[in-house]
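Worksheet: one structure, shown below.
The values are calculated or read from the model by the stated rules, or taken from the named source; none is laboratory data. Because the structure is a prediction, the values reported are computed rather than measured. So basically every Cβ, Gly included, is an ideal-geometry build from the backbone, and we count neighbours across all protein chains shown.
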Amino acid sequence: MPVAYVLLNCDFGVDDESIIYKLKELPEVVEVNGVSGAYDLLVKVSADTMEKLKETISLRIRTIDNIKSTLSLIVIEGQG
């Protein structure tokens, strides 16, 4: 099952809780954590197919209001 970790930068001054709520509504989102450092949120995403995983990241996560940028890290299956 394809898995990715997506790092999110949110617009300055926006309540991260509203973004977290929208992320948790997506069935492919497994986990959401606030982080400190260069990014604001870390999201674990899992889907049945690689195509569905990429669609979820590109069309459903990246289009949420107040998400400024993302960095997607797709897990290499069978390694680790």
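Restricting the search to the stretch 46-67, which residues are among the hydrophobic types (A, V, I, L, M, F, W, C) and in contact (Cβ under 8 Å) with a residue 24 or more places away in the chain? Quick ask: steps written out before the conclusion?
Applying the first criterion (among the hydrophobic types (A, V, I, L, M, F, W, C)) to the stretch 46-67 yields 47, 50, 53, 57, 59, 61, 64, 67.
Correct list: Ala47, Met50, Leu53, Ile57, Ile61, Ile64, Ile67.
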Those residues of the stretch 36-55 which are over 12 Å from the mean Cα position of the chain (by Cα), of a type outside the set (A, V, I, L, M, F, W, C) and at negative phi amount to Ser36, Asp48, Thr49, Glu51, Lys52
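Restricting the search to the stretch 27-45, which residues are of a type outside the set (D, E, K, R), closer than 18 Å to Leu71 by Cβ and either in contact (Cβ under 8 Å) with a residue 40 or more places away in the chain or not in a strand (DSSP E or B) (or both)? First the steps, then the outcome.
Here is the first cut: in the stretch 27-45, the residues of a type outside the set (D, E, K, R) are 27, 29-30, 32-39, 41-43, 45.
If we keep only those that are closer than 18 Å to Leu71 by Cβ as well, we get 29-30, 32-39, 41-43, 45.
The answer is Val35, Ser36, Gly37, Ala38, Tyr39, Val45.
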Of the residues that make up the stretch 54-73, is at least one closer than 19 Å to Cys10 by Cα, small (Gly, Ala, Ser) and in contact with a strand residue (DSSP E or B) (Cβ under 7 Å, 6 or more places away or on another chain)?
yes
Pairs only if they're at least six apart or on different chains, beta carbon under 6 angstrom, first in the stretch 1-17 and within 24 Å of Ile74 (Cβ to Cβ), second basic (Lys, Arg) and at pLDDT 95 or above; list them, first residue then second.
Tyr5/Lys44; Asn9/Lys68
Name the single residue, out of those in the stretch 31-60 being surrounded by 15 or more Cβ atoms within 10 Å (Cβ to Cβ) and among the β-branched types (Val, Ile, Thr), that is farthest from Pro2 (Cα to Cα).
Val32
Do any residues in the stretch 68-80 that are of a type in the set (A, V, I, L, M) have Cβ atoms under 8 Å from those of residues that are surrounded by 11 or more Cβ atoms within 10 Å (Cβ to Cβ) and assigned to a loop (DSSP other than H, G, I, E, B), where the two are at least six apart or on different chains, and which pairs are they?
Leu71/Tyr39; Ile74/Pro2; Val75/Pro2
